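**Student:** The following block contains the structure, expressed as structure tokens.
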């Protein structure tokens, strides 16, 4: 099997990383984040340099991840005549920052970026689930939306 990085975020060869993940899967009969971290603790482990091992730095980064999760988890609802709308994310990531969604939809530059991200998400969804014939109609709708956006 040939491995490549979807995004080149790591300073390790993708083939070596993929093969190491295969090895971990065989060793543990599954592939979990815990197993990957455990197998990567040794300084000579293939994936060791993919992780932050300084506990202080790792803790700060983890808190930032928690903050991102918190921001992405806040939603808004609207109450009209005792009817409550479906929840909508209150903040969205635009230009490396989180902005209130009500500001984004009213600002052309921001809404255009959000639209482009939505199209990329649709493409990613289609790639991720391409093997499921049950979603053929969904894929046709995605293709139609992507074609209209061109």
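**Student:** Step by step: first the residues of the range 103-117, then only those that are within 20 Å of residue 74 (Cα to Cα) and surrounded by 12 or more Cβ atoms within 10 Å (Cβ to Cβ), then the one that is nearest to the chain's Cα centre (by Cα). Which residue is that?
**Tutor:** 117
**Student:** Inspect all residues belonging to the range 101-117 and state whether any of them is within 23 Å of residue 6 (Cβ to Cβ) and out of contact with any strand residue (DSSP E or B) (no Cβ under 9 Å at 6 or more places or on another chain).
**Tutor:** yes
**Student:** Just checking, how many residues over the range 16-33 are surrounded by fewer than 14 Cβ atoms within 10 Å (Cβ to Cβ), closer than 14 Å to residue 50 by Cα and free of Cβ contacts under 8 Å to residues at least 24 places away in the same chain?
**Tutor:** Residues meeting the conditions: 1.
**Student:** State whether the residues of the range 61-77 include one that is more than 23 Å from the chain's Cα centre (by Cα) and either outside the structural domain of residue 20 (by TED's automatic domain parsing) or surrounded by 10 or more Cβ atoms within 10 Å (Cβ to Cβ) (or both).
**Tutor:** Yes, there is a match, as at least one residue in the range 61-77 is more than 23 Å from the chain's Cα centre (by Cα) and either outside the structural domain of residue 20 (by TED's automatic domain parsing) or surrounded by 10 or more Cβ atoms within 10 Å (Cβ to Cβ) (or both).
The values are calculated or read from the model by the stated rules, or taken from the named source; none is laboratory data. In this text, all values refer to a predicted model and were calculated from it rather than measured experimentally. Backbone-built Cβ (ideal geometry, glycine too); neighbour counts: all protein chains shown.
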